[in-house]
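Scroll down for the structure; my scribbles are underneath it.
Readers should treat all values here as calculations from the given coordinates under stated rules, not as data from a laboratory. In this text, all values refer to a predicted model and were calculated from it rather than measured experimentally. Note that we place each Cβ from the backbone using ideal geometry, even for glycine, and neighbour counts take in every protein chain shown.
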Amino acid sequence: MRAAAQRLGDAAGAARRALRRYDRHFLVCHLELWQTRAHWIAPVSLATCLAGAAIVELSRIDADAPVRSLDALVSPLVFASVLVIVLWVRDQRGVLVSFAAPSRRWIASLALLRLLCAVAVLLPSVVVDAGLRARAVRIAAAAENVGVATAIVHASERCLAEPSADAPPIARLRERASRLVEAARTRERGDAASRPARASWPAAARSERWIGVHCHDAAASSPNEDIRRIEQLHLYAIERVFPRPSLRALMYLLTCGAVVVPFLALWAGARRIAVRPAIWLGLFFVVHSLTAVGWVPGGWLARGPWVWSLLVVSVVAIVGAPLAAWRKAPPQLVLFTFATALIVAPLLPVAALWLSAPASGDDPGFVCLGLPSFMAAGQEGIDWRELAAYAAGLAYCCIYVVAVGPTMHRMWAAPR
Amino acid sequence: MNVELLRVLLRDALAPEELRRVLAEFPAADGVLRARARDPAGDGEALIDDALAVLERGSLGPAFLVHLAAARPDLAEPLREVAGPSGAPEAFAVASLLSAGQDAAAERKLTELERARPSTAGDRHELNLAVADLHRWQREAGERAEPSEAGRDAITRRLTSVAASMSARSLDAAEIGEAAAVHPEAGRLREEIEAHVRRADGKRAALRLLDLAERFAGPAVRRRAIELSVRAGIWRSRHVLGGRLEVGEQREWTDLLQAILALTDDIVAGAAPGSGGLWLTAPLDGAGRPVPEAEAAREYEPLVRAASLSLRYRRGGPQVLRDVSLTVFPRTIVGVVGGNGAGKTSLLRVLAGERRVDDGMLAYPQLDPAQGREIDWPAVRSQVAHVPQRLPQWREQLADHLHAWAGACGIEGDENRDAVDFWLERLGLANRRTARWGELSRSLQARVALARALVGRPRLLLIDEPLVALDPRAQQWLLQDLRDIVSSSSLCLAAVVSSQHIPELEAIADDVVGLRDDGGVWFHGAVLDLEQARRGALFEIGGRLDDATCDRLTAAFGPGCLRQRESVTLLRVGRDVSRGAVLELLSAGGQPPSYFRDISASHLRMFWGDRP
């Protein structure tokens, strides 16, 4: 036992030394990678993705909660990713940079590395959820589940045909079950011969019986286990949207912050007082965004003026920063405009997306005039236009940092 | 050689047994003479006759006289007479001084002999190691009540032989030509290293060897120098108390010093004149500073030129700096001294480019090549290293922190590793490379800050109060290291150091700026300049003086010459009054003061309200 413990200790020591050598190699030969911790983030992200995918694929499904047990993986991953990004951004603020004038190439490589690191940190939760969803789809397409769903569809249709049936609960049940069957058929390429017999499963019979009993019971809220299972499969296989719009926006903002905050922290340096107004301005817009979508209670002004004010502030800042530097304005003013351009402008895609889509319960006619509708009413899935907006925001952050960076660096090096 | 005088000397000054032993041990004696010497029954007079005949026949007289002088240093003077003018007078002089216990004079004599005649590397090494043995013997003798006389005798014989060997040696033209081709800076560093070796301070010799390697050698040689420094450090830590060495340890110690000397010679031989960074050949002024001529090359220009700097932190606020001027040349240390709130830190921050002055001119001729209307601050600040009083903390391990900073300064790969390893060893941090901030003492944190600054290859070091919270020994080490690095580094850098430890800073600074409380300049110049400019002399005397002493001093130097300040008495006298005269008066009452310091030529005067 002692020898085994000794060997284990030796092996751990050897592994630690190997990891130190690996870290030291990047420290000495590839400083940008070391400073951004990319040499750790990339392999850890890859390993987490693989481990998560393996867990999703190989774990035993709990009969009562076919995929809920897997869903328990995703939330902690999301939480951990957000925490890691916040801590990582805090770590990046302490990166050592010389006063020597940086090349645009260096700034661009650093910005891109930070962007990729943020993406790598957020990737495992997306990959695990994708695996989760794929498994849920496969489970839903299993013969027994298709059979039960089909039985539910037929039983619901019979129930709805009766004149006194209360539509909504059964109608929704029918809708969900039929979508599952459709998805299964699409997966099986509509092979009618593979459709199981309607009554070949005991679960199907139980479901039919329950629907028959509660057809006229508008207050029925506790379906039997089989129906619950089908509804859950529908939730994970069809209806699930990950990440949700709010989480997508958060991920986008975190990624922007990962690119922008370390540069701001460096170039603001001892002149943090110039950056504080920009931070308050950014917070102002964020709080009003939260009010607009109903997360924070309170009345809010008309969406139009609010979005236009955000737009105007962003444009003034984006153009004003290099102009102020060129005109040799006081450094405090230049830094303020630069910080505003980097803090406020990335909020534009989020504001446009949220405010062009009606919030729940709102009159759809209240859609902001003058802005394109990014999402159809009720849709929470990822739309290519939303992706394009976020990509444009991230590209703007990188390009603006590269374009204005050398000037800001020169100002940082100048005496106060 | 005066044979008769020698005969008398051998007969009268040496006992028969001693004569036989001396003859038997004489290396050049033939077998017959040696056999006769060993025969205890032999006649003494006949033995002397045979010996003199052999000596005259083989022209072995001078060698025998030296051999005898080494064995009996007390006979050095009569033997010098015997040898006459054609002998080796230096060898006899050395033997005579050693026999009289005047070791320092003997060492000085040997140094003069070495400088007077270009010697081979072997001779120099032998001399250095022999003198090192002498110093080691002195240290052991000081720490033990019973010094080893046998050891002393062996050292004396050795030193006398070395002196004789060097006296007799004549080099051919080729060797002399080789000696003349040495780079002057390399030669100077070699002399310093040899001086440290002679003082048996292997660690300090190894550190100067590192400086020599950094200036003139490539990475492979620097690695060898680092290895020797590590060995010297291990040796020092094992034998810090200077106990008597065993035979094996003695050999190990000698080998180490020999290796240091050999590597020094290799580096110096490889240092061609004109290599190793800047080689100032510009004319120097009285203080040893290069005098820039009208069309002097850029490398002779100062690193910083500041004129009439004035600064307030806010409009209408108190003036922090008032009309302060300063010029910093490469390879110099400028001290900035003053009381609390005098503006030392502010001046350093202005020079570092952190604060903009309200008025005045600031230029960096060597750091800002373009020297346009606006200073190119990124170019300047990337070559300036500011070590503030509040040392910046870091999170990672020490070595990683230095690697990261070197990388941020554009040093990558093997160059990065070499630079960090070098400065860790040079500043005594090699065995702390895995330590973190909180694990280091204040003195080590100060060294880390200096290492971080140097790893970035600066041209200008600005160090704010480096001696705060350091013990006296640590202060001396840091200042000595700073002096050595600034004077010999390949970076050709300069340092501006602020401190309230005025005497310590004045000991290493080439130039001192004293700031008054109102931000103005009390005096600007070297210690010598202050010495020349002073109008009187000022002495600090510890404690309160008794009435009799006060009356004596007042009678001698006039009323008002004494002032009591806190726990110190100040005595102001005329310029021509000597220290000795003052001490005599102070000691006349039978109780000399416990503390006495002449601050006539020190900036300490300004703390007592004195005028320059």
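Structure notes:
- Our coupling estimate for the range B:587-603, obtained by passing each phi through the Karplus curve with A = 6.51, B = -1.76, C = 1.60 and θ = phi - 60°, is 8, 4, x, x, 10, x, x, 6, 8, 8, 9, 8, 10, 4, 10, 10, 5 Hz, Gly and Pro reported as x.
- Couplings 3J(HN,Hα) of the range B:382-391, computed from phi: 6, 10, 10, 10, 9, 9, x, 5, 8, 5 Hz, in residue order, whole Hz [Karplus 6.51 cos²θ - 1.76 cosθ + 1.60, θ = phi - 60°; x for Gly and Pro].
- A Förster radius of 25 Å, combined with the Cβ-Cβ distance separating A:Glu144 from A:Asp383, puts the computed FRET efficiency at roughly 0.15.
- Reachable lysines from B:Lys203, criterion Cα separation under 27 angstrom, eight or more residues apart if same chain: B:Lys109
- Backbone N within the range B:501-541 under 11 Å of label point (7 Å from B:Arg565 Cα along the Cβ vector): B:538-541
- Diffusion of the range B:534-608 by Stokes-Einstein, at 4 °C in a medium of 1.567 mPa s and with Rh set to the Kirkwood radius over alpha-carbon pairs, works out to 105 µm²/s.
- Based on alpha-carbon atoms, the Kirkwood radius and the radius of gyration of the range B:88-169 give Rg/Rh equal to 0.98.
- Cβ-defined net charge surrounding B:Glu439, 15 Å radius [Lys, Arg +1; Asp, Glu -1]: +4
- Using alpha-carbon coordinates, inclination of helix B:547-557 to the longest axis of chain B, degrees: 90
- In summary, chain B shows an alpha-carbon radius of gyration equal to 1.18 times the 2.2 N^0.38 Å reference for compact globular proteins.
- Cα long-axis angle, helix B:61-71 against chain B (0 to 90 degrees, to the nearest 10): 70
- Virtual spin-label span in nm between A:Trp40 and A:Leu283, 7 Å along Cα→Cβ: 3.0
- Scanning residues 5 or more positions from B:Phe596 or on other chains, those with amide H under 5 Å from its amide H are B:Gly542, with H placed 1.01 Å from N in the peptide plane.
- Of all aspartates and glutamates in the structure, those lying under 13 Å Cα to Cα from A:Lys328, and not within fewer than 8 positions of it along the same chain, are B:Glu374.
- For B:Leu462, distant residues with modelled amide H under 5 Å away: B:Ala385, B:His386, B:Val387, B:Val496
- Sequence-distant aspartates and glutamates (8 or more away, or on other chains) whose Cα lies within less than 19 Å of B:Lys344: B:Asp323, B:Glu354, B:Asp358, B:Asp359, B:Asp464, B:Glu465, B:Glu504, B:Glu506, B:Asp510, B:Asp511, B:Asp517, B:Asp518
- With the convex hull constructed from alpha-carbon coordinates only, the protein assembly as shown shows a mean projected area of 67.7 nm² over all directions.
- For B:Ala537, the residues whose modelled amide H falls within less than 5 Å of its own, excluding neighbours fewer than 5 places apart on the same chain, are B:Val573, B:Gly574, B:Arg575.
- Beta bridge orientation in the protein assembly as shown: antiparallel %, DSSP, nearest 5: 60
- For B:Glu465, net neighbour charge (Lys/Arg +1, Asp/Glu -1) across residues whose Cβ lies under 11 Å away: +1
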